[in-house]
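Enquirer: Here it is, the structure in full.
The values are calculated or read from the model by the stated rules, or taken from the named source; none is laboratory data. Just so we're clear, the structure is a prediction, and the values are computed from it rather than from any experiment. Reconstructed Cβ throughout: ideal geometry from the backbone, glycine too, with neighbour counts over all protein chains shown.
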Amino acid sequence: MKSSQENHHVMEYKTLIGILCMLLILTAITIGASMIDLGKLNVWIALFIASSKCSLVVLFFMHLKYENRVIKLSFVVTLFCVAILIGFIFWDIAFR
Amino acid sequence: MNGITNPLKNVDQAFIYIIGFSLVLLMFITALMIVFVFKYRRSKHPEPSDIRGNWLLETAWTIIPTVIALSMFYIGWSAYIGLRDVPPGAIEIDVFAQQFSWIVVYPNDKEIENEIVVPQGKPVKINLTSEDVLHSLFIPAFRVKVDAVKGLTSYVWFYPDKKGEYMFHCTEYCGIAHSEMNGVLRVIPENDYEQWLEEEE
Amino acid sequence: MKTTHSDTKGSRLGMWLFLYTEILLFTGLFILYAAYLKKYPIDFIEGGKELSLFFGAVNTVILLISSFAVAASVTAIRKQSAKLSAGLIAAAVMIGGVFLFNKYIEWGQKIHHGIYPNAPDLVNGPPGKNIFFGLYYVITGLHGLHIIIGMILLCVCVFMILTNRIHEGNDGVLENCGLYWHLVDIIWIFIFPLLYLIV
Amino acid sequence: MTETDSFFETPAPAGYKGIWSWLITMDHKRIALMYLFVILFWFFGALILGLLIRTELMSVGKTIMGAQTYNAMFTLHGVIMIFLFIIPAIPAIFGNFLLPIQIGADDVFFPKLNLLSWYLYILGSIFAISSLFFGGPPDTGWTFYVPFSVSTNTNVSATLMAAFILGMSSMLTGLNFITTIHRMRVKGMRWLQIPLFTWSLYATAWVQLLATPILSITLLLVVFERMFAIGLFDASKGGDPLLYQHLFWMYSHPAVYIMILPGMGVISEIIPVFSRKSIFGYKAIVASSMAIAIAGSLVWAHHMFTSGMSDVAVFVFSLLTFLVAIPSAVKVFSWISTMYKGSIQMTPPLLFSLGFIYLFSVGGLTGLVLGAAGTNIHVHDTHFVVAHFHFVMFGGTGFAFFAALHFWWPKIFGRMYDFKRAYVAATMITIGFIFHYMPMFILGIMGHPRRYYDYMPRFETGNMLAGIGGYILITGIALMFVNLFLSFKNKRDALADPWGGTTLEWSVPSPPPLHNFVSPPEIKDYPYDFSDVVKKFKPGNIT
């Protein structure tokens, strides 16, 4: 049996609570932003805030910040893939 | 002939260009393969050389095919543009595809089924839509094809410069009688066409 | 004998790979959302207004808290306080239950108001609205299914912590189940503004 | 029972006998053989369906079946060949068997998951058959295009669920492979020492992992559409049928690379071994595998040039399609250069590989005709396309599969087959293949649409020729399998390394023992270094 002691990162409770607070604040901001009508910009703001929240969860709750390169890199690849799939379909629908 | 180039010529040229290049390449590959297998067979050539790569060669055979491929793309794309750019003054005909027939409606509301009649020497634009599932209008003689989609109007145009009768088919699978969903495209002289258009069924 | 390897790094890699497939699964739906938002911007805004901001916001907040609880429980197990860890997970499961209960009420209200797939009001109304609610039901339904799966996984974790099969030094299972729960949370982070907050 | 006993003689898990030592096994080699068994079953079934289709088309009008039967048959032929044969064939059989051995591991990373994948495959199979007995076999074509797949009365849902489950099976296999390659390489094996077959599986696994979920959700949506009439793809309710096609091809085009990449990996193993010479441009082949995997995911909409999508999209996707051609061309050139100044020994696996290079080149080059927008319009959805993708999938992956069977058969079963019969079979298969599919190119250019139950009389000669070719082809395939199975009777034991290979699987006994490696394997600096082999096999002779 190999030991599984490969430097587990322990997140401090304080950090976690800090992250949670930030997440809640961002939630409030996104609700607030949706009250103001900025036209098309609204969607982008909402997506930006959601992405920030998502980054917080992924980096700290899911420990991605402390993971090895393989996982970090493959996660970026996946996001890239998602962006391509959603983006490339607009070659069609935006010009139809 | 009123300055319109028939797009099918470009399409055919693109076919010849791409298939020609491909045949040359294919023969080259096959010949090399056969020559190597015979020339370097073990009984004749028991001592293999240890070659693991050649930087120059590998770069060359990445770049040259890229150039060829891009030229093919360009020729294919310009042929496609010809199929999409409808010249002004085209006759517009509406076609409705349904399981399993084609309803053809002329600007004066004349309606016929499974038959398209067009005058010789005038560009024709067909606006196509579907009443139910997907269909696709394919007129092989004019190298055109487009899907009929419910809720979407698509078009093809072609230039009938010769008289005659041509088949058209459905090429998007649409059910049990898919293969029977054919029709005839008749190209007739312009005078006959005007007369035909006014005729009652 | 085959060595029974306990390579937690490897199983975590496997879990992440699995999460990628989940992300791509929802991407399929978000592609549809993006395409239809482009096609029916007005109807989507109208549809968004009919959804209850209250339920959406509450569910967002509680999911975030449950995510925190799961993250904290991993910390707890590493600090050798198994009881706290189990408690936090149990709390997360309960929050998941509240989430589902809210969802149930919300769906119930919608269905009561004649908004459900293939409802006459929707079919005869503006096409974009039908699409919006079609997506709403599919996305939230699939997400709800993931919540249920996540809750089951977390329950297993509670059980394993209490029977000392997850402990400090062997917390791979807890960590991986936690990852899954966080992913479900992330997906909701995107669903919430896209469905509820669209203006 | 000793450590060197083959995995056939060592039950895994220990203590179980007979069928149970297979059904609950977690040994990657046993699972590979279970895959072999069921995949061949489906392959034969779908071959027969294909033959019946071509028989029906041999003459104008009704020949042996009605239109509905015909439609169901080409649908099932497609679904079975794609989801139950080509996609799993090489990864699930040879990948499972060889990947761990090639990287010096004793199993895949998640053995239980591996077994689960097999059971998911079986469950998918059951769903696929069930549609035959409940509600009538589907008649939508394997593409399940909406709105037809939503409105038809046949039991499409069962088939959709089958494809969904099979997708999960393939996804989990990919997940397993990636983790295995990352975590279980024997100590000292660096990334650029991994054999090319494993590299190709690695590239494939990423596509399996990232593309399959899109198909899963799409098929699920069609099932929902059929059950609840949501209207997401229904034009009369505001849906857009074209979006289905986008989503479908987002998976199904990359799936083409899931099918062909492992085949290319097989060829990259075989050519150097029988040329007794290092593969030409190892790094270029690795890079092209990854390039194909990435670029192949960006070109899905080239299946939709006539669908009514925007011209801008046609431009972009046509351009990208031509760029995918480059890495494939690089591979073909590398294989041929590998033979240059080699010491080539003709064997059945090599003959199949040469067939692969030729047929795959034809398939790839005709792909250029389809990639160019202007020419695509004319030949799209005609027999030209049918011929093209059969050249790539059957002439490519199919031949690679046959080559792999002949190449690794002695390793897997420890038995050598008869060469003469294998040559006869390979020749028949190739000739039959060319007779079968070449006429379809001509038919397509003449304007013969695909999925046609009946056709114009002027297409009859071509269809007749294709039919005859089909019979030659299938006779050759039958002969090939008879020959392979006869090897069990001959009792000609194969050596551990009958061909003179350099990768790790040739360093273990044939068949391999349960734990693959009795002592830790030795890693060469370069996986295709033949200098030792050349010394050992002087003068070359095969047992």
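Enquirer: Determine if the range B:164-171 includes at least one residue that is among the small types (G, A, S) and within 18 Å of B:E111 (Cα to Cα). Outline the logic, then answer.
Expert: Step one: of the range B:164-171, the residues among the small types (G, A, S) are B:164.
Now narrow it down to the ones that are within 18 Å of B:E111 (Cα to Cα): none.
No: the range B:164-171 contains no residue that is among the small types (G, A, S) and within 18 Å of B:E111 (Cα to Cα).
Enquirer: Among (1) of a type in the set (A, V, I, L, M); (2) within 16 Å of the chain's Cα centre (by Cα); (3) closer than 16 Å to C:V70 by Cα; (4) within 8 Å of chain C (Cβ to nearest Cβ), where does A:A50 come up short?
Expert: With respect to (1) of a type in the set (A, V, I, L, M); (2) within 16 Å of the chain's Cα centre (by Cα); (3) closer than 16 Å to C:V70 by Cα; (4) within 8 Å of chain C (Cβ to nearest Cβ), A:A50 is out only on (3).
Enquirer: Within the range D:125-138, how many residues turn out to be buried (at least 24 other Cβ atoms within 10 Å of the Cβ) and part of a helix (DSSP H, G or I)?
Expert: 2
Enquirer: Which one of these is away from chain C (no Cβ under 14 Å) and free of Cβ contacts under 8 Å to residues at least 24 places away in the same chain: D:T152, D:T143, D:T159? Before you say what the answer is, go through the steps one by one.
Expert: On the way: D:T143 fails: free of Cβ contacts under 8 Å to residues at least 24 places away in the same chain; D:T159 fails: free of Cβ contacts under 8 Å to residues at least 24 places away in the same chain.
Residue meeting the stated conditions: D:T152.
Enquirer: In the range D:78-110, what residues are of a type outside the set (A, V, I, L, M, F, W, C) and part of a helix (DSSP H, G or I)?
Expert: Quick first cut of the range D:78-110, residues of a type outside the set (A, V, I, L, M, F, W, C) only: D:78, D:88, D:91, D:95-96, D:100, D:102, D:104, D:106-107.
Correct list: D:G78, D:P88, D:P91, D:G95, D:N96, D:P100, D:Q102.
Enquirer: Could you tell me whether any residue of the range B:127-135 is in a strand (DSSP E or B) and surrounded by fewer than 23 Cβ atoms within 10 Å (Cβ to Cβ)? Talk me through it step by step, then tell me what you get.
Expert: Initially, the range B:127-135 is screened for residues in a strand (DSSP E or B), giving B:127-130, B:135.
Narrowing the set further to residues that are surrounded by fewer than 23 Cβ atoms within 10 Å (Cβ to Cβ) leaves B:127, B:129.
The answer is yes, given that some residue of the range B:127-135 is in a strand (DSSP E or B) and surrounded by fewer than 23 Cβ atoms within 10 Å (Cβ to Cβ).
Enquirer: Charged (D, E, K, R), facing another protein chain (nearest Cβ under 7 Å) and over 30 Å from D:G342 (Cβ atoms): which single residue out of D:K277, D:K237 fits that description?
Expert: Numbers: D:K277 fails: over 30 Å from D:G342 (Cβ atoms).
The unique qualifying residue is D:K237.
Enquirer: Can you spot a residue in the range C:99-121 that is closer than 30 Å to C:L174 by Cα and in contact with an Asp or Glu (Cβ under 9 Å, 6 or more places away or on another chain)? Working first, answer last.
Expert: Here is the first cut: in the range C:99-121, the residues closer than 30 Å to C:L174 by Cα are C:99-104.
Filter again for in contact with an Asp or Glu (Cβ under 9 Å, 6 or more places away or on another chain), leaving none.
Within the range C:99-121, none of the residues are closer than 30 Å to C:L174 by Cα and in contact with an Asp or Glu (Cβ under 9 Å, 6 or more places away or on another chain).
Enquirer: Please pick out the residue among D:A372, D:A403 that is crowded, with 24+ Cβ neighbours inside 10 Å and closer than 24 Å to D:P439 by Cβ. Don't jump to the end; show me each part of the working.
Expert: Numbers: D:A403 fails: closer than 24 Å to D:P439 by Cβ.
From the options D:A372, D:A403, the qualifying one is D:A372.
Let's see how each residue does on (1) over 21 Å from C:G48 (Cβ atoms); (2) surrounded by fewer than 20 Cβ atoms within 10 Å (Cβ to Cβ):
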{"site": "C:F132", "(1), (2)": "no, no"}
{"site": "C:C157", "(1), (2)": "yes, no"}
{"site": "C:R165", "(1), (2)": "yes, yes"}
{"site": "C:G169", "(1), (2)": "yes, yes"}
{"site": "C:I187", "(1), (2)": "no, no"}
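Enquirer: Mind checking which residues of the range D:15-61 are touching a helix residue (DSSP H, G or I) at 6+ places or on another chain (Cβ under 8 Å), closer than 26 Å to D:Y437 by Cβ and part of a loop (DSSP other than H, G, I, E, B)?
Expert: Within the range D:15-61, D:L57, D:M58, D:S59, D:V60 meet the criteria.
Enquirer: In the list D:M438, D:M428, which residue meets the criterion of being within 14 Å of another protein chain (Cβ to nearest Cβ) and hydrophobic (A, V, I, L, M, F, W, C)? Spell out the reasoning first.
Expert: On the way: D:M428 fails: within 14 Å of another protein chain (Cβ to nearest Cβ).
Criteria check complete, one pass: D:M438.
Enquirer: What number of residues in the range D:411-431 are outside any helix (DSSP H, G or I) and more than 23 Å from D:G95 (Cα to Cα)?
Expert: From the range D:411-431, those outside any helix (DSSP H, G or I) are D:414-418; that's our starting set.
Imposing the further condition that a residue be more than 23 Å from D:G95 (Cα to Cα) reduces the set to D:418.
Going through the range D:411-431 one residue at a time, the tally reaches 1.
Enquirer: Need the failing condition index for D:I326 against (1) surrounded by fewer than 24 Cβ atoms within 10 Å (Cβ to Cβ); (2) in contact (Cβ under 8 Å) with a residue 40 or more places away in the chain; (3) away from chain A (no Cβ under 14 Å); (4) not basic (K, R), just the number.
Expert: Just one mismatch for D:I326, condition (2).
Rundown of residues vs (1) among the small types (G, A, S); (2) within 24 Å of B:A79 (Cβ to Cβ), yes/no style:
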position	(1), (2)
D:G296	yes, no
D:W300	no, yes
D:G308	yes, yes
D:A313	yes, yes
D:A329	yes, yes
D:S334	yes, no
D:G363	yes, yes
D:A372	yes, yes
D:I377	no, yes
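Enquirer: Here's a follow-up. If a residue must be assigned to a loop (DSSP other than H, G, I, E, B) and closer than 22 Å to A:Y66 by Cα, how many such residues does the range C:140-199 contain?
Expert: 4
Enquirer: Out of the range B:90-127, which residues are under 15 Å from B:D161 (Cα atoms) and not aliphatic (A, V, I, L, M)?
Expert: B:P119, B:Q120, B:G121, B:K122, B:P123, B:K125
Enquirer: Tell me yes or no: at least one residue of the range D:176-190 is more than 14 Å from every other protein chain (Cβ to nearest Cβ) and either farther than 21 Å from A:I71 by Cβ or in contact (Cβ under 8 Å) with a residue 40 or more places away in the chain (or both).
Expert: Within the range D:176-190 (the criterion being more than 14 Å from every other protein chain (Cβ to nearest Cβ) and either farther than 21 Å from A:I71 by Cβ or in contact (Cβ under 8 Å) with a residue 40 or more places away in the chain (or both)), the answer is yes, since at least one residue qualifies.
Enquirer: Consider D:I270 carefully, then state whether it is touching a helix residue (DSSP H, G or I) at 6+ places or on another chain (Cβ under 8 Å), touching a residue at least 60 places away in the same chain (Cβ under 8 Å), of a type in the set (A, V, I, L, M) and crowded, with 24+ Cβ neighbours inside 10 Å.
Expert: On the way: touching a helix residue (DSSP H, G or I) at 6+ places or on another chain (Cβ under 8 Å): yes; touching a residue at least 60 places away in the same chain (Cβ under 8 Å): yes; of a type in the set (A, V, I, L, M): yes; crowded, with 24+ Cβ neighbours inside 10 Å: yes.
Considered against the rule, which asks whether it is touching a helix residue (DSSP H, G or I) at 6+ places or on another chain (Cβ under 8 Å), touching a residue at least 60 places away in the same chain (Cβ under 8 Å), of a type in the set (A, V, I, L, M) and crowded, with 24+ Cβ neighbours inside 10 Å, D:I270 comes out as yes.
Enquirer: In the range A:65-86, how many are assigned to a helix (DSSP H, G or I) and facing another protein chain (nearest Cβ under 9 Å)? Lay out the reasoning, then the answer.
Expert: Initially, the range A:65-86 is screened for residues assigned to a helix (DSSP H, G or I), giving A:65-66, A:69-86.
Then drop every residue that is not facing another protein chain (nearest Cβ under 9 Å), which leaves A:70-71, A:74-75, A:77-79, A:81-82, A:84-86.
Summing the residues that are assigned to a helix (DSSP H, G or I) and facing another protein chain (nearest Cβ under 9 Å) in the range A:65-86 gives 12.
Enquirer: Got a sec? Which of B:I68, B:I116, B:I34 is of a type in the set (A, V, I, L, M) and part of a strand (DSSP E or B)?
Expert: Details: B:I68 fails: part of a strand (DSSP E or B); B:I34 fails: part of a strand (DSSP E or B).
One residue alone meets the criteria, B:I116.
Enquirer: Mind checking which residues of the range D:252-303 are touching a Pro at 6+ places or on another chain (Cβ under 9 Å), of a type in the set (D, E, K, R) and in a helix (DSSP H, G or I)?
Expert: D:E269
Enquirer: Would you mind stating whether C:L122 is among the aliphatic types (A, V, I, L, M) and either within 14 Å of chain D (Cβ to nearest Cβ) or in contact with a Pro (Cβ under 9 Å, 6 or more places away or on another chain) (or both)? So that I can check it myself, show each step before the final result.
Expert: Details: among the aliphatic types (A, V, I, L, M): yes; either within 14 Å of chain D (Cβ to nearest Cβ) or in contact with a Pro (Cβ under 9 Å, 6 or more places away or on another chain) (or both): yes.
Taking the combined requirement at face value, the residue satisfies it.
So that you can scan it fast, the table gives a plain yes or no per residue for (1) more than 10 Å from chain D (Cβ to nearest Cβ); (2) at pLDDT below 90:
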residue: B:P46; (1), (2): no, yes
residue: B:D50; (1), (2): no, yes
residue: B:P65; (1), (2): no, no
residue: B:Y80; (1), (2): no, no
residue: B:V86; (1), (2): yes, no
residue: B:I103; (1), (2): yes, no
residue: B:P107; (1), (2): yes, no
residue: B:Q120; (1), (2): yes, no
residue: B:L134; (1), (2): no, no
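Enquirer: Please work out which one of (1) in a helix (DSSP H, G or I); (2) surrounded by fewer than 21 Cβ atoms within 10 Å (Cβ to Cβ); (3) at pLDDT 90 or above is the condition D:G141 fails and give its number.
Expert: Evaluating D:G141 over (1) in a helix (DSSP H, G or I); (2) surrounded by fewer than 21 Cβ atoms within 10 Å (Cβ to Cβ); (3) at pLDDT 90 or above leaves (1) as the failure.
Enquirer: Next up: Would you check if C:I42 is of a type in the set (V, I, T), more than 22 Å from the chain's Cα centre (by Cα) and away from chain D (no Cβ under 14 Å)? Walk me through how you get there before you give the answer.
Expert: Numbers: of a type in the set (V, I, T): yes; more than 22 Å from the chain's Cα centre (by Cα): yes; away from chain D (no Cβ under 14 Å): no.
When the stated conditions are applied, C:I42 does not pass them.
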